[in-house]
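Novice: I have a structure I would like to understand better, so I am pasting it below and will then ask my questions one at a time.
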Amino acid sequence: MKYFGRGFNFSQDGPGNRLVYHLSGCNMRCLWCANPEGFSCEGGKEITPSDIVTDALRARAMFFDGGGVTFTGGEATLWHDELLETLRALKREGIHTAIETNGTSRRLGELLPFIDYLMMDFKHYDSDRLKAFTGVGCEAVMDNYKMLTDTGREVHIRIPLIHGFNTSSPEGFASCLAAYDTAHCDFEFLPYHEYGKGKWTEEYKIQDGFVPKEVLGEFHRVFREYGLKIKHT
Ligand code: SF4
């Protein structure tokens, strides 16, 4: 498999201090993506599952406060077979594993037994709208969300908020998400930022994506009203 970024990060990519791999390639093209350099599976450096395990064992002393290894991207699940092998091997070594995914993999369930902490995006409940801004509809994400809630699997749902894309109806989000058993879910809002804008080589199409404070407050209020647990990382 290939990766385009590797480094340590504390608490934002799963619990504790973590070794984070950004695997190359993504099946989405979110217009606000902060890591456009990772769009292609062709870019980046080659690495094998055993390279990662060796790297993780060397770094073990750094995994304080419940840390471990996180795979993000791009979209890490595009490397399904290699990722599965890597996660299995890390679990055999007793290393805590986490994945951050856009939720579109139809084979996510196969990875779950080897993932200790799952972070999944939920960018929109309206498939046409999601497709217009990311190139991919929401059917697989909804199916995965349903599967996770049906099975009582713990999941941290991340909702990027982008003005002009998905901030007009907090009710729409909350009612869609709360229609399932969310006892084991928590939710985080990620307000729009432009840290990755300068890395875009194609035209950057988001205009005025920043989310007013009142709108963010409204999302918090409505989610609380629906009994959805909000988490900050
Ligand atoms: S899913 Fe994530 S990595 Fe892929 S394009 Fe969207 S923001 Fe970028």
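Each reported figure results from applying straightforward, stated rules to the coordinates on display, with no laboratory input. All values derive from a computational prediction rather than experimental measurement. Neighbour counts run over all protein chains shown; Cβ positions are idealised from the backbone, glycine included.
Novice: For region 20-75, enumerate the residues that are buried (at least 21 other Cβ atoms within 10 Å of the Cβ), away from the ligand (no atom under 16 Å from the Cβ) and not in a loop (DSSP other than H, G, I, E, B).
Specialist: I52, A56, G68, V69
Novice: For region 134-184, name all the residues that are within 18 Å of the chain's Cα centre (by Cα) and among the acidic types (D, E).
Specialist: Scanning region 134-184 gives E139, D143, E154.
Novice: Quick one: in region 112-162, of everything that is basic (K, R) and within 27 Å of P49 (Cβ to Cβ), which residue is surrounded by the fewest Cβ atoms within 10 Å (Cβ to Cβ)?
Specialist: Residue satisfying both the conditions and the ranking: R153.
Novice: For region 90-111, how many residues are surrounded by 18 or more Cβ atoms within 10 Å (Cβ to Cβ) and out of contact with any Phe, Trp or Tyr (no Cβ under 9 Å at 6 or more places or on another chain)?
Specialist: Selection size over region 90-111: 5.
Novice: Next up: What helices (runs of 4 or more DSSP H), lying completely within region 76-165, carry at least 1 residues that are of a type in the set (D, E, K, R), more than 16 Å from the ligand (Cβ to nearest atom) and under 23 Å from F64 (Cα atoms)? Break it down into steps so the answer makes sense when it comes.
Specialist: Details: elements: 80-92, 108-111, 127-134, 139-150.
In region 76-165, 80-92 are the helices (runs of 4 or more DSSP H) which contain 1 or more residues that are of a type in the set (D, E, K, R), more than 16 Å from the ligand (Cβ to nearest atom) and under 23 Å from F64 (Cα atoms).
Novice: Separate question: Of (1) within 30 Å of E203 (Cα to Cα); (2) more than 13 Å from the ligand (Cβ to nearest atom); (3) crowded, with 19+ Cβ neighbours inside 10 Å; (4) of a type outside the set (D, E), R6 satisfies all except one. Which?
Specialist: Only one criterion in (1) within 30 Å of E203 (Cα to Cα); (2) more than 13 Å from the ligand (Cβ to nearest atom); (3) crowded, with 19+ Cβ neighbours inside 10 Å; (4) of a type outside the set (D, E) is unmet by R6, namely (3).
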